[in-house]
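Structure record follows, encoded as structure tokens.
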Amino acid sequence: MDRRTYQWAFAILCGFSCVFPILYLSHNSILSQVNVKMKLNRVFNPFQNDAVQTTTTNIDDKFTTTSTPLISRSTVYHREHSEILTTERVPRIMMNHRNHSESSTAERILRNTTPGWTEIQKRRKEHVAMICQQYPELSAERVKYNNLLVDDNYSIFYCPTAKVASTNWRKVLLVLRGTFTNVSEILSNRVVYQSNHPNLGSYTKTEIEIRMRTYTKFMFSRHPIHKLLSAYLDKLGDSPQWVFLKKIRPWMTEVDKISFSDFVNYILKTDSNQLNKHWGLIKNKCNPCNIDFDILGKFETLSEDSKGILNAISASEIVDFPSYATHRTSSASLDVLAKYYSQLSKQQTERLYSKYETDFRLFDYNAVEFF
């Protein structure tokens, strides 16, 4: 080889030595993300590939298409309480719900405009109405008026749900009634819960009927998978609270901990109506089939929905909803979800869906729409 050939060969080798480390690091980063998603897919794999039937329901001359599992609620109840639970006997979460999910690009675009937000609220209300029609027993449940917080100045009442920004909304209510001038003055959550918020149950029957008919009514939901893990991490995670430990296992000491798998077993064996508010069903708290909520907020769209509510009640100039920043170790993290839900067996995961199926269906969630 001549000198020029050696120079070209040397230049090519130098180029590879620079590019290869970059490609290697990029490849590892991609593999890391893929591994997390594959791990989650293995966790929630039992909820895929099940037979579903598609039904069309006419509500106010608007057709809504949804996927319905080939299983009745009475059958779900029986299976949830049976000792032997096989794969073939358990309902699945429907993958084709993803096409109608509110995480779609079209709905994200709608959220950025006032008409778009109004349209999303209309869709949510129609969906809840449809599920309530499909399951008439939900409308037979008694309304728990004591759960509903009232503000007569702004003619509103709100159903607070634990682990769905309820503390921040209580702060907003304190500002609206004049206890504080802005939410930044409220430095402790203890102050929030020590304050006496009027509830609908404290009114007479006639007063309740008037407020049910004329007030702006709103509530918030959250994906059951995220909500349950958030409650566990907050109350029973690294620093478990003794009051909750004692409730789940009376013989435990203050230094003991409960694994997420043991926590889920406790959830599965406890009657839904007896579950603590932090991990209970939202439908048991707010009765959306008995209360015609004007606004159905979601934790996943907390900022947009809170802004919409304050605009609707003409309070956007009075108070700002507290900003919310997701912590890297929160239940919204893919890594955190994978870490805890991978501890569950296939049977636990399937039964967990059965336990919270009503919330999944009422508020249009499925176990894989975020992954």
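Taking the conditions exactly as written (out of contact with any Cys (no Cβ under 9 Å at 6 or more places or on another chain) and among the hydrophobic types (A, V, I, L, M, F, W, C)), does PHE220 satisfy them or not? Walk me through how you get there before you give the answer.
Details: out of contact with any Cys (no Cβ under 9 Å at 6 or more places or on another chain): no; among the hydrophobic types (A, V, I, L, M, F, W, C): yes.
Taking the combined requirement at face value, the residue does not satisfy it.
Would it be correct to say that ALA325 is at pLDDT below 95, at negative phi and surrounded by 15 or more Cβ atoms within 10 Å (Cβ to Cβ)? Step through it out loud before you land on a result.
Working: at pLDDT below 95: yes; at negative phi: yes; surrounded by 15 or more Cβ atoms within 10 Å (Cβ to Cβ): no.
No; evaluated as a whole, the condition is false for this residue.
Looking at SER195, SER202 in this structure, which one is surrounded by 11 or more Cβ atoms within 10 Å (Cβ to Cβ) and touching a Leu at 6+ places or on another chain (Cβ under 7 Å)? Break it down stepwise before answering.
On the way: SER202 fails: touching a Leu at 6+ places or on another chain (Cβ under 7 Å).
After ruling out the rest, the residue left standing is SER195.
Here's a check for you: in segment 253-268, which residue that is over 21 Å from the mean Cα position of the chain (by Cα), closer than 15 Å to GLN241 by Cα and not aliphatic (A, V, I, L, M) is modelled with the highest pLDDT? Before you say what the answer is, go through the steps one by one.
First, the residues of segment 253-268 that are over 21 Å from the mean Cα position of the chain (by Cα): 253-259, 262.
Those left that are additionally closer than 15 Å to GLN241 by Cα: 253-259.
Narrowing the set further to residues that are not aliphatic (A, V, I, L, M) leaves 253-254, 256-257, 259.
Working: THR253: 64, GLU254: 61, ASP256: 72, LYS257: 80, SER259: 90.
Going through the qualifying residues, I end up with SER259.
Given (1) under 30 Å from GLU317 (Cβ atoms); (2) part of a helix (DSSP H, G or I); (3) touching a Gly at 6+ places or on another chain (Cβ under 6 Å); (4) of a type outside the set (Val, Ile, Thr), where does ARG170 come up short, assuming only one miss?
Here ARG170 meets the rest and fails (3).
Report whether or not ASP335 is crowded, with 16+ Cβ neighbours inside 10 Å, of a type in the set (Asp, Glu), part of a helix (DSSP H, G or I) and modelled with pLDDT of 80 or more. First the steps, then the outcome.
Numbers: crowded, with 16+ Cβ neighbours inside 10 Å: no; of a type in the set (Asp, Glu): yes; part of a helix (DSSP H, G or I): yes; modelled with pLDDT of 80 or more: yes.
Answer is no for this residue.
Here is a list of conditions, (1) under 27 Å from LEU310 (Cα atoms); (2) surrounded by 19 or more Cβ atoms within 10 Å (Cβ to Cβ); (3) in contact with a helix residue (DSSP H, G or I) (Cβ under 8 Å, 6 or more places away or on another chain), and SER230 meets all of them except one; can you say which number that is?
Tallying (1) under 27 Å from LEU310 (Cα atoms); (2) surrounded by 19 or more Cβ atoms within 10 Å (Cβ to Cβ); (3) in contact with a helix residue (DSSP H, G or I) (Cβ under 8 Å, 6 or more places away or on another chain), SER230 fails exactly one: (3).
Is it the case that segment 284-304 has a residue that's farther than 20 Å from TRP169 by Cβ, out of contact with any Pro (no Cβ under 6 Å at 6 or more places or on another chain) and of a type in the set (Ser, Thr, Tyr)? Even if it seems obvious, please write down each step before you answer.
Here is the first cut: in segment 284-304, the residues farther than 20 Å from TRP169 by Cβ are 289-290.
Checking which are out of contact with any Pro (no Cβ under 6 Å at 6 or more places or on another chain) leaves us with 289-290.
Now restrict to residues that are of a type in the set (Ser, Thr, Tyr): none.
The answer is no; no qualifying residue exists.
Can you say whether GLY178 is modelled with pLDDT under 95 and at positive phi, as far as the supplied structure shows? Give the steps one after another, and end with the answer.
Details: modelled with pLDDT under 95: yes; at positive phi: yes.
So GLY178 fits the description; yes.
Can you tell me which residue within segment 338-359, out of those that are among the hydrophobic types (A, V, I, L, M, F, W, C) and part of a helix (DSSP H, G or I), is modelled with the highest pLDDT?
Within segment 338-359, the first condition is being among the hydrophobic types (A, V, I, L, M, F, W, C), and the residues that meet it are 338, 344, 352.
The next check asks that each one be part of a helix (DSSP H, G or I); those that pass are 338, 352.
Working: ALA338: 87, LEU352: 94.
Per the stated criteria, the residue is LEU352.
Can you work out which of the residues in segment 302-314 that are of a type in the set (Gly, Ala, Ser) and surrounded by fewer than 19 Cβ atoms within 10 Å (Cβ to Cβ) is nearest to LYS163 (Cα to Cα)? Spell out the reasoning first.
In the first step, residues of segment 302-314 are kept if they are of a type in the set (Gly, Ala, Ser); the result is 303, 306, 308, 312, 314.
Now drop any that are not surrounded by fewer than 19 Cβ atoms within 10 Å (Cβ to Cβ), which leaves 303, 312, 314.
On the way: SER303: 15, ALA312: 24, SER314: 26 Å.
So, considering only residues that are of a type in the set (Gly, Ala, Ser) and surrounded by fewer than 19 Cβ atoms within 10 Å (Cβ to Cβ), the one nearest to LYS163 (Cα to Cα) is SER303.
I need every pair where a residue in segment 348-371 that is more than 19 Å from VAL128 (Cα to Cα) and in the same structural domain as GLU126 (by TED's automatic domain parsing) has its Cβ under 8 Å from the Cβ of a residue that is modelled with pLDDT of 90 or more and assigned to a loop (DSSP other than H, G, I, E, B), sequence separation at least 6 or different chains.
What qualifies is LEU352/LEU344.
Tally up the residues in segment 181-198 that are in a loop (DSSP other than H, G, I, E, B) and basic (Lys, Arg), please.
Counting residues in segment 181-198 that are in a loop (DSSP other than H, G, I, E, B) and basic (Lys, Arg) gives 0.
The values are calculated or read from the model by the stated rules, or taken from the named source; none is laboratory data. Everything numeric in this text was worked out from a predicted model, so none of it was measured. Backbone-built Cβ (ideal geometry, glycine too); neighbour counts: all protein chains shown.
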